[in-house]
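What follows draws every value from the coordinates through simple rules; no lab data is involved. The structure presented is a predicted model; accordingly, all values stated were derived computationally and were not measured.
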Amino acid sequence: MEQNKIWIGVAIGAAIGLGYAMTRRRKVTNRWSSAREVSRNVAESSGDLVEQGRKIIDHIRVIYDEGRKVVDEATDLWEHGRKIVKA
């Protein structure tokens, strides 16, 4: 379930990034030429996209692992605190 949230976040971030990139570009006369130009740019830089995607996934994996460690430590501290209070 948590992994689904991460992937949804990645997809939303990618969509926002592409939308922002599209709005910041110079205006093209019609939509078809704009779509053609975007397709060409994506095809030309597909290797870079794959590499950057891999880096993003690696960063997400590190963040997820570190988050899990924090939760485990917080759980241990919570249990220790409950033992102290009961004692």
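Quick look at the values:
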{"quantity": "Tally of Lys pairs whose C-alpha atoms are under 22 Å apart, taken over the chain, 8 or more apart or cross-chain", "calculated": "4"}
{"quantity": "Between 0 and 90°, nearest 10: helix 2-24 axis offset from the chain longest Cα axis", "calculated": "30 degrees"}
{"quantity": "Angle between the chain longest axis and helix 31-44 axis [Cα atoms, degrees, rounded to 10]", "calculated": "60 degrees"}
{"quantity": "Identified option (computed Kirkwood radius over Cα pairs in Å; candidates [x] 14.1; [y] 16.8; [z] 12.8)", "calculated": "[y]"}
{"quantity": "Angle between the chain longest axis and helix 46-86 axis [Cα atoms, degrees, rounded to 10]", "calculated": "20 degrees"}
